[in-house]
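K.L.:
Encoded as structure tokens, here's the structure I'll be asking about.
The values are calculated or read from the model by the stated rules, or taken from the named source; none is laboratory data. Being a predicted model, the structure only gives us computed values, none of them experimental. Methodologically, a virtual Cβ is constructed for each residue, glycine included, from the backbone with ideal geometry; neighbour enumeration extends over all protein chains shown. Keep in mind that these areas ignore ligands, DNA and RNA; they rest on the heavy atoms of the full protein, side chains included. Shrake-Rupley method; radii C 1.70, N 1.55, O 1.52, S 1.80 Å.
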Amino acid sequence: MYSIRRTAVPLFLPVALILLSSLAIFKWPVLLKQMNDVKELSAMMVMMPFMPYIIFAIGFGMGWRYGNAGMILGSLALAFSYYGLDYFRSAGLSRAVIPDQSFTSALAFLLPLNLAFFSLLTKRRLLTCAGSTALVLLAVQVFAVIVFCHPLSHISSWMMTEIKFLAPVIAEKLSGFSAWQASALTDHSYFGFETISTAPAIAFGLAFFFVLVKFVKTSDIRICGFLFGMVAAMLGILTRFSGPAIILYFCAAGLILVITTVEASFSMAYIDELTGLPGRRSLNETLLNLGKKYSIAMIDVDHFKKFNDRFGHKTGDQVLKLIAARLGKISGGAKTFRYGGEEFTAIFSGKTVEDAISHIDKFRVAVGSTPFTIRDLKHRRKKTNDRHRKNFANRKKVKVTVSIGLASPVAGASDPQKVIRAADKKLYAAKKGGRNRTMF
């Protein structure tokens, strides 16, 4: 179920990091003067060009620890790109010459495409078929860029000398290919950008659109990290001649990947992936911090097993999402959780049973009055050539209801776990009493 809130919230930290980097670059002359006045900060300036590597190393380690091949490969791609771009920026060449280097253009072309591809591997381990293939592909790219886009390198010079000796025809074709790709990658005629040529600009546009669509569909914060990591890195490429811009933007790109991975790990530990509600672990921590006055409601979907068996697990998942959506709108300031299976929990902090009953019963009535439509089983079994017929008659409306048990601390039972057990007993009583009711 698409949620604007679930899509918008992950954007805050990446956007904030990029804005802070931009502000630091804009205010850099003032910041530099202030840092030079402090001896300790002045010494730290010597380490500044190495800061991106430290962040990329942290990202690599986190990716290995969490079994996230995308994080590992993304960190490696950023590290290699930063090295190449910073090398030519610091090589003493004039600004007019540097943008025409096919080496930097190749890096600017490959980086967004690689990050888009690696965003698909956030749930894969490196030592799998997909992860290993991507690693080999990255290594081949590194080798190809050095050989074909940096003809003055020792590796390229040695290889071309050996190939000319062994196979002059192949050497001539490779030399022609190197000249062709240099011309293609360094052509600025289409967009007219000064610091980035046409091919990298198109590659970034395509990669950005691909990752953006994937993020909107999934609301996965790890995908958001790749999206804005790509933006930060490209800003570093575009402004790499402006003082420390490439350092700060690539630091931001690495930090975005690291922070979004940490946030994703937190979400997996505390948030239920299907419903978007806090899970059992979050519930347990909330129970530890309750005061003396509270109420706990245990909620169970009526006839869920029969419903699941008859209409299928995907439809059952939609029912759980429906309950979660209604819990998100519950009144009375309740904190809601997915307890497990088809069970949910609502905690009314600072409210007795008498205070909470109206709110929880209002929720129960709202669930029962919410229309839930499914496709009829017979319609599902029709042949493909019948699928284009009007199917409104083949849709079936079913009523989804819940049973609820509500309890609060009493003498001798103030422990939250005892209150949960008391609410469970009331829930079973509601089930035996005919379902679709609240017992307290």
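K.L.:
Can you tell me the length gained on complete extension of the stretch Ile259 to Leu23, counting 0.36 nm per residue apart and subtracting the Cα distance?
P.N.:
Contour length minus Cα-Cα distance gives 83.0 nm.
K.L.:
Taking a ≥ b ≥ c as the square roots of the eigenvalues of the Cα gyration tensor of the range 187-324, is the shape rounded (a/c under 1.5), prolate (a/b larger than b/c) or oblate?
P.N.:
In terms of gyration-tensor shape, oblate.
K.L.:
By average Cβ neighbour count within 10 Å, what is the ranking of 292-305, 45-58, 23-36 from highest down?
P.N.:
Ranking the peptides 292-305, 45-58, 23-36 by packing returns 292-305, 45-58, 23-36.
K.L.:
Could you tell me whether the range 326-373 comes out rounded, prolate or oblate from its Cα gyration tensor? Rule is a ≥ b ≥ c as square roots of the eigenvalues, rounded for a/c under 1.5, then prolate if a/b exceeds b/c, otherwise oblate.
P.N.:
oblate
K.L.:
Apply the a/c threshold of 1.5 to the C-alpha gyration tensor of the range 243-338 and tell me whether it is rounded, prolate or oblate.
P.N.:
Oblate.
K.L.:
For a quick check of understanding: with a 1.4 angstrom probe and all protein chains in place, what accessible area in square angstrom does Leu120 have, to the nearest ten?
P.N.:
The value for Leu120 is about 80 Å².
K.L.:
Roughly speaking, what is the stretch gain from Ile54 to Thr370, that is 0.36 nm per residue apart minus the C-alpha to C-alpha distance, in nm to one decimal?
P.N.:
The span from Ile54 to Thr370 would gain 108.5 nm if fully extended.
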